[in-house]
Structures are given as structure tokens and as C-alpha cells.
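Notes for the one structure printed next.
The values are calculated or read from the model by the stated rules, or taken from the named source; none is laboratory data. Quantities reported herein were computed from a predicted structural model and do not represent experimental measurements. Here the Cβ is made from the backbone with ideal geometry for all residues, glycine too, and neighbour counts use every protein chain on show. Heavy atoms of the whole protein, side chains included, go into the accessibility calculation; ligands, DNA and RNA do not. Shrake-Rupley method; radii C 1.70, N 1.55, O 1.52, S 1.80 Å.
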Amino acid sequence: MYHKGLYVPRNYAEAEKWYLRSVEQGREDARYDLGVLYLKGLAKRAEGMSLLQMEGKQGNAWACYELAKALSQPDDQDGDPVAAYSWFCLAEAYELGDKLDKVCKKEIEKLESELSIEQILGAQLRARDMFRDRQGALAAAEEAEARGAEIEKRGLEARRRLEEATARAA
């Protein structure tokens, strides 16, 4: 209520107080809500990212998505496009829903165009290692590996064509 200003004036400090109580009581998604509040409302970025990572490791697709968005901001000093790639892949695997799955897919494709093959493969290994026990994460790692293989294949094909063109020109 206080976080979004529903039926009461927006008050981040009050929202934090209630979210902390919810976390203490073990309410599902309380860490996610508190993480988003810290990340977007209270400018406690490190704490927010830490909470979202914990939730993401537990299979919370929304936490993966929010974390990936935060890490993919190009003007952000804490930006990490390789980590963002991993988190977007996991969010997609955890099935956010059709609309957000499409958003994740678009972000993944955008990052793939910006990252090297080595960075993509590193992100895939990171996802597999960090989330080995999660079935959805394993699916994400497999999907990311398939994407990496396809990108590598396209890169090799482009190199071959370049070499052929260079040989013809010589």
C-alpha cells in the first residue's frame, strides 16, 4: 500500500517498515517487495540487489527480471551486461508470462548483439553454476547454450565468408 500509494499517500519509509515485518514473518515475496523498494524507491541499491538475488536463486522470476533490468542499464555504474544476460535468461525460463517473456527475449537478443561469444558462454556457465538445483534454471542454461551455439555458428559462418571474399579479392 505505502510503496505504491494505494489508498494512502506514498511513503517509502512506512513501506519499508511493513515489508521488514513481512520478511520477519516469512511472508512469500516479502524479500522481493523489499528488494524492489530498496532498488527503486529508497536508493539502497546494494541491499535491493542482494535481496533480489536471493529471491532469484529461489526461483522468483520477477526478482530475476528486476535484477536483470537494473544490471542492464548502460549509464549505471553497477551495470553488468553479462550478469544481466544470465538473469534475463533465468527470468524467461521461470516463465513470467507471455508479455514479459517477450520482453525478456527482446532484452536477451539485444544483449547478445552487444556481448562477445566468450561473454555469452561465461554468462551461461554462471547461470548453470549458480542455479544448478532449479529445474527452470537448468532449462535456462540449456536454452542459453543453444543460443550460444547458434551465435557461434553464425560467427564462424561470417568469418568463413569474409575469408572467402578476401581470398577472391587477392
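Per residue, how much accessible area does region 78-131 show when a 1.4 Å probe rolls over the protein heavy atoms, in square angstrom?
Normalised by residue count, the accessible surface of region 78-131 is 50 Å².
Please report the projected area of region 16-94's Cα convex hull averaged over all directions, in nm².
The directionally averaged projection comes out at 4.8 nm².
Students often get this wrong, so check it: of 99/153; 40/106; 69/106; 44/69; 105/153; 44/99, which have C-alpha atoms separated by over 18 Å?
Violating the 18 Å limit, Cα to Cα: 99/153; 40/106; 105/153; 44/99.
Can you figure out the FRET efficiency of residue 54 with residue 149, using R₀ = 41 Å and their beta-carbon distance, to the nearest 0.05?
Computed FRET efficiency for residue 54 and residue 149 comes out at 0.85.
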